[in-house]
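To start, the structure itself, in structure tokens.
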Protein chains: 6
Amino acid sequence: MLLYLSTWAEIGHFLERSRTIVIPIGSNEQHGPTGLLGTDWMCPEIIACQAQKNADILIAPTFNIGMAQHHIGFPGTISLRPSTFIAAISDWVHSLAAHGFEKILFLNGHGGNVASIEAAFSELYAEASFARRPAGFALKLCNWWDLEGVGELAKEQFPTGHGIHATPSEIAVTQWAYPDSIKTAEYSPQVAPWGPIREAFDFRARHVDGRMGSDPAQASPEKGRDLVMMAAQGLIREVEAFSREPIPG
Amino acid sequence: MLLYLSTWAEIGHFLERSRTIVIPIGSNEQHGPTGLLGTDWMCPEIIACQAQKNADILIAPTFNIGMAQHHIGFPGTISLRPSTFIAAISDWVHSLAAHGFEKILFLNGHGGNVASIEAAFSELYAEASFARRPAGFALKLCNWWDLEGVGELAKEQFPTGHGIHATPSEIAVTQWAYPDSIKTAEYSPQVAPWGPIREAFDFRARHVDGRMGSDPAQASPEKGRDLVMMAAQGLIREVEAFSREPIPG
Amino acid sequence: MLLYLSTWAEIGHFLERSRTIVIPIGSNEQHGPTGLLGTDWMCPEIIACQAQKNADILIAPTFNIGMAQHHIGFPGTISLRPSTFIAAISDWVHSLAAHGFEKILFLNGHGGNVASIEAAFSELYAEASFARRPAGFALKLCNWWDLEGVGELAKEQFPTGHGIHATPSEIAVTQWAYPDSIKTAEYSPQVAPWGPIREAFDFRARHVDGRMGSDPAQASPEKGRDLVMMAAQGLIREVEAFSREPIPG
Amino acid sequence: MLLYLSTWAEIGHFLERSRTIVIPIGSNEQHGPTGLLGTDWMCPEIIACQAQKNADILIAPTFNIGMAQHHIGFPGTISLRPSTFIAAISDWVHSLAAHGFEKILFLNGHGGNVASIEAAFSELYAEASFARRPAGFALKLCNWWDLEGVGELAKEQFPTGHGIHATPSEIAVTQWAYPDSIKTAEYSPQVAPWGPIREAFDFRARHVDGRMGSDPAQASPEKGRDLVMMAAQGLIREVEAFSREPIPG
Amino acid sequence: MLLYLSTWAEIGHFLERSRTIVIPIGSNEQHGPTGLLGTDWMCPEIIACQAQKNADILIAPTFNIGMAQHHIGFPGTISLRPSTFIAAISDWVHSLAAHGFEKILFLNGHGGNVASIEAAFSELYAEASFARRPAGFALKLCNWWDLEGVGELAKEQFPTGHGIHATPSEIAVTQWAYPDSIKTAEYSPQVAPWGPIREAFDFRARHVDGRMGSDPAQASPEKGRDLVMMAAQGLIREVEAFSREPIPG
Amino acid sequence: MLLYLSTWAEIGHFLERSRTIVIPIGSNEQHGPTGLLGTDWMCPEIIACQAQKNADILIAPTFNIGMAQHHIGFPGTISLRPSTFIAAISDWVHSLAAHGFEKILFLNGHGGNVASIEAAFSELYAEASFARRPAGFALKLCNWWDLEGVGELAKEQFPTGHGIHATPSEIAVTQWAYPDSIKTAEYSPQVAPWGPIREAFDFRARHVDGRMGSDPAQASPEKGRDLVMMAAQGLIREVEAFSREPIPG
């Protein structure tokens, strides 16, 4: 069930049978010579959209701009500062908690978001902690590549040259979902180098075409489809387990 | 051209021929018994997407959560506080300005966003003003219903019962774009009442089903298509005029 | 009744008969070659002060610095950033609400304040909305030129060359109240040009002497007096209507 | 010279002969059974206004709401939080520095403001310090009761029962300037008690009628006139000394 | 009793017999040619540590970075902005208040902290004041040099050349506690000059070696020991008096 | 070299031979029935202090309060909110960068700090990234238990019951450094359970005595000494490698 294609009354009914919601969250940032700028928010959106076709789970609109300050040296990247990111996640959670949602799962598509999302969770929990009261909600962060079975499948599909940015697995997912937007390029070197992640100036100097450790040429729509199906099943299981979890208070 | 389906190199090329970008911006909030929760961010997204099919204009990802605090009494609404909204717009603009964009047009789909967007513009401009230097960019807010010809068309289509929230025109636009998500309901009264806009508790007490002054039953996909086409043309003209405008400094 | 010339006990008594207060709010900013820097906060102060002579209404001290970042290119302008403005309005309202005021009317003298004041209202209401409780107060913004009868009178007095900044109507109001501070100058051109409002650098380049669309030479103390009297009556009616309005919760 | 009764061009001319400005700053808060709520911002305003009649000094509009959280238990008090206060002072200073003011003197009327004003100064200076550059301006805080000769005069006028809040000296100043607003009451006890200053609830419990250590019955307009004249002379000397001070950089 | 060398259960037991805690607070900043960078946080830490050997008082970890923006021109200085300082003190107090501490005494070692600490107290109290409820805690600031008997002793020990920064008294305290870190230098002039405190650039230009009015050559470990013993006794008395004080509410 | 036991001139000399500094950072929070509240900040302090005895590295004062909101249910815990934590780290880094430090290594002692420290780094880098300039400094986070050889040693020492909070390894480190503060207790169960980390209310309900997965009874001062020596060596190597790393720009 997609929240944004529902009416408020439909969400009201959903809340009678479940208190759980999934928020796809990612980033809009360069993904190398062939990766789409939207890759990191489209991947969790694609997976979440697929999952809700097979199970009664509710998907929020996509939180599409994340913490991508290091990619700003490449045109098209849009980033929030961590402080803004924390404030925005806080407002999303307060809105959803006001409706009675008690389990809020962020399905994440960008490694660079992890620290700021967890910091946001702590900021939210701290309100309750300082007041010595229950928060009334539980928050969970799941990276789509950590969903059950996904890591193993990606390792099979891309035993070398997977890397950590502009990876063939994320590009494959977008190729399956947006076949009209598949791009090609010569990669040089075939597998990109690694390095530390600092400010954008430093990043662009180290990572000339934007990739980190990856060979995106290995991506294909078929591999993308398999990843999406595996991830969608994993998400459904995560949501079920999270929904069943009791909350003290 | 959709930014999120492009590579960074493609955006780099675009910047050689234009310094203008369009950001669809809206809100995720209740829209009465039949309006979709995503209506206010989907309308500018639909229009912008249509416009870029007929002209060389660049569309950013959609800023999909806006200032909707008064609707939080209805399930599914997600709102930013104005302070968060201002911080987020600021980060978007700083990101785009870093790439060399000089004209940033926000195509807005939610009346409740107007004050906070304008406040955000002032917050951004103030940095330059306190430093007595040019800002380096110009910001413009266009509500899609104010684009050339759109208001007249809506008045023809809906001479009575248009209202200001959950209007037949915005619902028509989403009906055309998402025909599988058309909802129906009995409206009572047929045309909803009006009232002041304050906090969510007050709003829900005054506006029982969420509408303000509207009769959404008049919406149809065909009327939606006509509105989208008119608005897309208007947007192209706005972008052209804005792009041509000289900036002092 | 002027709050600042009263004791706390007198305000305590007032609260037994009314829960409404008026805050004159404006800006300290350039007003062309002859307009006083204080024009925008003095106009609502003058009108509010006049109104309380004829009715039992309570006037707060004047909020005299507003959102005037675009005028900083002209000496004497003092501006708050919107974020500061919102924080300050929030503190004023929290202070007054703590005393039991339930209807807080901002009588505004500066068009550039409107967006930030409305954003501040939303920021305040959002606290209650996120907590799903009544706010306990209602906020209202009235521009003095929108008070009943004022627009019509100004149109009669200044059928052409009224403009939107350093207008003959606002200058007339200050001429009536501060006759010793009437200034004169040659205007060139007689009616100033218009243009967009962006950062201070851009504004000063476009509006050489600071005016926007106005011919202040038409102002006179007599016209000012008529405007003040009309506006004061309008304010009294606004306050009465606002005071009578029921608040849900 | 009063800034708000001047045009921007007049301030431009003033800047050619001086880079110094005086900002009256105070608070709007309860002042016991007979003190006016505006006492703390009116006193520095009255003194500054008097001083500029006898010397070529420039007076900014009055910063009329200060840090008065402890008085909120008494109706009519309006307070900023220190964080808001700091942000507002910062914006005032940035505005004035943009025009070329290099010496900004805050003439203060409220003891409770001192810490927050000094914190604001440090916040402003820290921007320059972190950047290892000169600030370009110097800030000075003067309490009006610390101006040359004022403390001695007050001690002569009120050898006992001066106290620290709702003092006969500050009330005398307002009696001279606002003779129509002189209030009387029975004081019980004649000299109010002292105590620590904490939150408003605690303050009101300790200081039943709002006074701290004072016997305001001793105030008279004549004593007020003498205090104002002494303070105005002191202010002129302070401004002259401050203006002459060299700034490194 | 040192909190950081205790277990949570031990603190739980302490709370059954006392609701008071002491926080040593200072700054890490240059202290002239021979003063240690840690002087201002080590002095209150040393004194508090000594005091708890002779009385059942609880000492929190040391708040070791304060408001020292003016010293940033000298290597090794670390400063918080006042806004950060206020936020941090606020979190410390909220944490301790959550455990039931009702009397929180800040034993301060840096004059430059005073304004920001007091502003932080007001920020904390304002939360309660705006909500018209008791705060539930009382906050107290004690500078170690103001503890009973300390000022007199320092005046005896250093009748001239005490000054206000890099004073012989504070250096003596650290010499006693850290005898292996005693430094020597030629002072020129023997007694340093005074001047205003502004941004770091200005400060370094005025105070070439960092001292203000002091002759640190007079310090000795023996004088330091006497100061610590006097201050520790004074602290115990302060804590006892503060603990006994009733809180309304 | 310990910064706080040095003079500013000594730090000035150090900067001529190195641009690297180590900041021990931790948390003050409950550590089960026998762990000291200061454990998480004392461990990196102890290790850093040991390391500087054998190598020319500079150690800053300890950042002793971290992100521990989930432990607030246990007396003695003090926590910053992530937003405060980010602001404070930002000020530390800006201070040190102003002196010319280019490599700032945070030696961390608390897993709960990791996300907020990384978010702080991104917040700092983002300033440079939005401005498209080099940051001028590089930041590095090292958990002491991840230093070379430490994890292996801890696994040898505590093959079972190490857990993740109140671990025998961190308690061993403090036992070695503070032998007079070794505490004992009966643990029930011997090895504590695990669970998710949310707000303090939830945490205390799940983790009755505060431990997570650990059996602290295995700690001994001797094991602590071995861990410290191993970690100190690892830190020296980290500092050397980090110092040698070139920075683009």
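Looking only at the stretch D:207-228, count how many residues are among the basic types (Lys, Arg) and within 14 Å of chain C (Cβ to nearest Cβ). Before you say what the answer is, go through the steps one by one.
Filtering the stretch D:207-228 for residues among the basic types (Lys, Arg) gives D:211, D:223, D:225.
Checking the rest, the ones that are also within 14 Å of chain C (Cβ to nearest Cβ) come to D:211.
Within the stretch D:207-228, residues that are among the basic types (Lys, Arg) and within 14 Å of chain C (Cβ to nearest Cβ) number 1.
Can you list residue pairs whose Cβ atoms sit under 6 Å apart, with the first residue in the stretch C:146-159 being under 17 Å from C:GLN218 (Cα atoms) and the second being charged (D, E, K, R)? Count only pairs 6 or more apart in sequence or on different chains.
C:GLN157/C:LYS223
Which condition from (1) under 30 Å from C:VAL93 (Cα atoms); (2) assigned to a helix (DSSP H, G or I); (3) touching a Leu at 6+ places or on another chain (Cβ under 7 Å); (4) more than 9 Å from chain C (Cβ to nearest Cβ) is the one that D:MET67 breaks?
That leaves (2) as the condition not met.
With the structure loaded, tell me whether B:PHE74 is within 14 Å of chain C (Cβ to nearest Cβ), open to solvent by 10 Å² or more (accessible area, probe 1.4 Å) and not acidic (Asp, Glu) or whether it fails that test.
Values: within 14 Å of chain C (Cβ to nearest Cβ): yes; open to solvent by 10 Å² or more (accessible area, probe 1.4 Å): no; not acidic (Asp, Glu): yes.
It is false that B:PHE74 is within 14 Å of chain C (Cβ to nearest Cβ), open to solvent by 10 Å² or more (accessible area, probe 1.4 Å) and not acidic (Asp, Glu).
Being open to solvent by less than 20 Å² (accessible area, probe 1.4 Å) and in a helix (DSSP H, G or I) is the filter; apply it to the stretch A:138-152 and report the residue that is farthest from the other protein chains (Cβ to nearest Cβ).
The selected residue is A:VAL150.
Let me spell it out: the conditions are (1) outside any loop (DSSP other than H, G, I, E, B); (2) within 30 Å of A:LEU96 (Cα to Cα), and C:ALA135 meets all of them except one. Which number is the exception?
(1)
Looking at F:ASN108, is it under 17 Å from A:VAL114 (Cβ atoms), open to solvent by less than 10 Å² (accessible area, probe 1.4 Å) and more than 8 Å from every other protein chain (Cβ to nearest Cβ)?
For F:ASN108, the condition - under 17 Å from A:VAL114 (Cβ atoms), open to solvent by less than 10 Å² (accessible area, probe 1.4 Å) and more than 8 Å from every other protein chain (Cβ to nearest Cβ) - is met.
Within the set of pairs 6 or more residues apart or between chains, which connect a residue that is outside any helix (DSSP H, G or I) inside the stretch A:219-243 to a residue that is at pLDDT 95 or above with Cβ atoms less than 8 Å apart?
A:ALA219/A:PRO168; A:ALA219/A:SER169; A:ALA219/A:ILE171; A:ALA219/A:ALA172; A:ALA219/A:GLN175; A:SER220/A:ALA172; A:SER220/A:GLN175
Of the conditions (1) farther than 26 Å from E:ILE47 by Cβ; (2) within 14 Å of another protein chain (Cβ to nearest Cβ); (3) at pLDDT 95 or above; (4) not in a helix (DSSP H, G or I), E:ILE197 clears all except one; give me its number.
Of (1) farther than 26 Å from E:ILE47 by Cβ; (2) within 14 Å of another protein chain (Cβ to nearest Cβ); (3) at pLDDT 95 or above; (4) not in a helix (DSSP H, G or I), only one is false for E:ILE197: (1).
Quick one: F:CYS49 ticks every box in (1) closer than 27 Å to E:LEU36 by Cα; (2) within 11 Å of chain E (Cβ to nearest Cβ) except a single one, so which number is it?
With (1) closer than 27 Å to E:LEU36 by Cα; (2) within 11 Å of chain E (Cβ to nearest Cβ) applied to F:CYS49, the lone miss is (2).
From (1) surrounded by fewer than 24 Cβ atoms within 10 Å (Cβ to Cβ); (2) hydrophobic (A, V, I, L, M, F, W, C); (3) in contact (Cβ under 8 Å) with a residue 12 or more places away in the chain; (4) within 11 Å of chain D (Cβ to nearest Cβ), pick out the condition that doesn't hold for C:TRP41.
(1)
Within the set of pairs 6+ apart or on separate chains, which have a first residue in the stretch C:163-177 that is at positive phi, a second that is part of a helix (DSSP H, G or I), and C-beta atoms under 8 Å apart?
C:ALA166/C:THR39; C:ALA166/C:PRO216
Which pairs turn up if I take residues in the stretch C:75-92 that are outside any helix (DSSP H, G or I) and look for partners that are open to solvent by 10 Å² or more (accessible area, probe 1.4 Å) and of a type in the set (Gly, Ala, Ser) with beta carbon separation below 7 Å, at least 6 apart in sequence or on another chain?
What qualifies is C:PRO75/D:GLY12.
Would you be able to tell me the number of residues in the stretch B:170-200 that are crowded, with 23+ Cβ neighbours inside 10 Å, closer than 19 Å to C:SER122 by Cα and of a type in the set (A, V, I, L, M, F, W, C)? Break it down into steps so the answer makes sense when it comes.
Filtering the stretch B:170-200 for residues crowded, with 23+ Cβ neighbours inside 10 Å gives B:170-175, B:192, B:198-200.
Remaining after also requiring closer than 19 Å to C:SER122 by Cα: B:198-200.
Still in the list and also of a type in the set (A, V, I, L, M, F, W, C): B:200.
Here the count works out to 1.
Each row is one residue, and each column tells you yes or no for (1) within 11 Å of chain D (Cβ to nearest Cβ); (2) aliphatic (A, V, I, L, M).
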{"site": "E:SER83", "(1), (2)": "yes, no"}
{"site": "E:ALA98", "(1), (2)": "no, yes"}
{"site": "E:GLU102", "(1), (2)": "no, no"}
{"site": "E:SER129", "(1), (2)": "yes, no"}
{"site": "E:ALA154", "(1), (2)": "no, yes"}
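Keeping to the stretch F:93-114, report how many residues are assigned to a loop (DSSP other than H, G, I, E, B) and out of contact with any Asp or Glu (no Cβ under 8 Å at 6 or more places or on another chain).
Result for the stretch F:93-114: 3.
Please determine, by comparing only the residues of the stretch C:1-32 that are assigned to a loop (DSSP other than H, G, I, E, B) and among the hydroxyl-bearing types (Ser, Thr, Tyr), which one is surrounded by the most Cβ atoms within 10 Å (Cβ to Cβ).
Out of the qualifying residues, it is C:SER27.
Does A:PHE158 satisfy being within 14 Å of chain F (Cβ to nearest Cβ) and open to solvent by less than 10 Å² (accessible area, probe 1.4 Å)?
No.
Across the stretch F:114-137, what is the number of residues that are within 18 Å of the chain's Cα centre (by Cα) and open to solvent by less than 20 Å² (accessible area, probe 1.4 Å)?
Looking only at that region, the number is 6.
The values are calculated or read from the model by the stated rules, or taken from the named source; none is laboratory data. This one's a predicted model, so the numbers in the text were calculated from it and none came from an experiment. Note: ideal-geometry Cβ built from the backbone for every residue, glycine included; neighbour counts use all protein chains shown. Surface accessibility is based on the protein's heavy atoms, side chains included, excluding ligands, DNA and RNA. Shrake-Rupley method; radii C 1.70, N 1.55, O 1.52, S 1.80 Å.
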